[in-house]
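Quick one: structure below, then a few questions.
Coordinate-derived values only; no laboratory data. What you see is a predicted model, and the numbers here were worked out from it, not measured in a lab. Cβ placement follows ideal geometry from the backbone for every residue including glycine, while neighbour counts extend to all protein chains displayed.
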Amino acid sequence: MEARERVYRSLSGEKADRTPVLSVTQTGTLELMKATGAFWPDANYDPKQMVELSVAGHTVVGFEAIRIPFCLTVLAEALGCEIEQGREDRQPAVSKTLFDQGITPKLEGLVDRGRVPTIMEAIKNIKSDRYKVPLIVGFEGPTTLAGQMMGVERFCLTMIKKPDEASKYIKWAEEACVEYAKAAVREGADIIAPADPTASPSVLSPKMFEKYSKDPLKAVAAVHPRSILHICGNALPIIAHMAECGFAGLSVEEKVDLAAAKKAIGERKIALIGNVPSAGVLLNGSEEEVFREAKKAIAAGVDVLAPSCGIAPRTPTRNLRALVRAATSP
Ligand SMILES: [Zn+2]
């Protein structure tokens, strides 16, 4: 079975020959930067370097997907947030929110602004090389994007004190996410993957998730049948809501009890993706630990084996390969 078919089948709840292995979250590491000569921060801005570094996740590590980009700031930047570029071992981050600048987001012409054309160019290049693995395009989910526009703390307070104001921002964020996801699919993205860390129960209560985050996520999931939602932390209290958003797969961290998550998902054909600890095991563990934890995740019933969250830049390639080995060896 080819990797693409294996991943697609696993995402749609059909039988595959084995559990596929990939990363839903960022894949840039210092070792892969050295191997390719494509380093952050340039690889976050130059489409050619973005392609070289992201493809290494497949060609060097063995992931059964290619995943771009390496940060969660592309939409925030296109909407007008100021971005600090980061360094070789640090991702770009929002340095000035829209609120700080006293401006409202510019939605019109979104796909022509900031690094959106960079991502589209990278998609085109990866597709033209006809790799036999799917291309995953990630981006900040609506709640996270609204938090970037306002500042997370201010956004959380606004939800409580001025619900209409919070709804306005989340609506803008939803529109931006949908617009961007549609553009990515048009250019050839095989899987869209919003990551919505600010929607995690460690930041937002499940009640607030239901009120503010759920409908915008439904709108994003509706863009493409192959979609994966990643939410950080212990997402178990909201997993039933996440399962109602329409995503083909849910990507969760190690804090989520897989058996309980499966139970909450119930009869729905939704792939559970994860959840080998990115920091505790992939970054800091030995190859043996990675292999053991990965086998444990497979035994616990993940449909797609993956790091639990974004791969840390100092993660050794040998550990990422051990993760791949756990999926590909009996
Ligand atoms: Zn995460």
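Give, in nm to one decimal, the length gained when the segment between residue 88 and residue 42 is fully stretched (0.36 nm per residue of separation minus the Cα-Cα distance).
Value of the extension gain: 15.7 nm.
Here's a follow-up. I need two numbers for segment 28-91: Rg to one decimal and Dmax as a whole number, Cα atoms only, in Å.
Reported Rg and Dmax, both Å: 11.9, 36.
Determine the gain in length on full extension of the stretch residue 127-residue 96; use 0.36 nm per residue of separation and subtract their C-alpha separation, reporting nm with one decimal.
7.8 nm
Using a Förster radius of 25 Å, what is the FRET efficiency between residue 218 and residue 165 based on their Cβ-Cβ separation? Nearest 0.05, please.
0.70
Follow-up question, since we're still on this one. Looking at the square roots a ≥ b ≥ c of the eigenvalues of the Cα gyration tensor of segment 155-247, which shape do they give, rounded for a/c under 1.5, prolate if a/b is larger than b/c, or oblate?
oblate
Within a Cβ distance under 11 Å of residue 198, other residues only, what is the Lys/Arg minus Asp/Glu net charge?
-3
Find the Cα radius of gyration of the chain, compare it with 2.2 N^0.38 Å by division, and give the number to two decimals.
For the chain, the normalised Cα radius of gyration comes out at 0.92.
Cα centroids of segment 256-288 and segment 58-106: how far apart, whole angstrom?
One Cα centre to the other: 25 Å.
Using DSSP, restrict attention to beta bridges with both residues in the chain and report what percent are antiparallel, rounded to the nearest 5.
15 percent
Helix-only mean residue ellipticity at 222 nm, the chain, DSSP H runs n ≥ 4 weighted -39,500 (n - 2.57), per residue, nearest 500. What is it?
Roughly -12000 deg cm²/dmol at 222 nm, from the helical runs in the chain.
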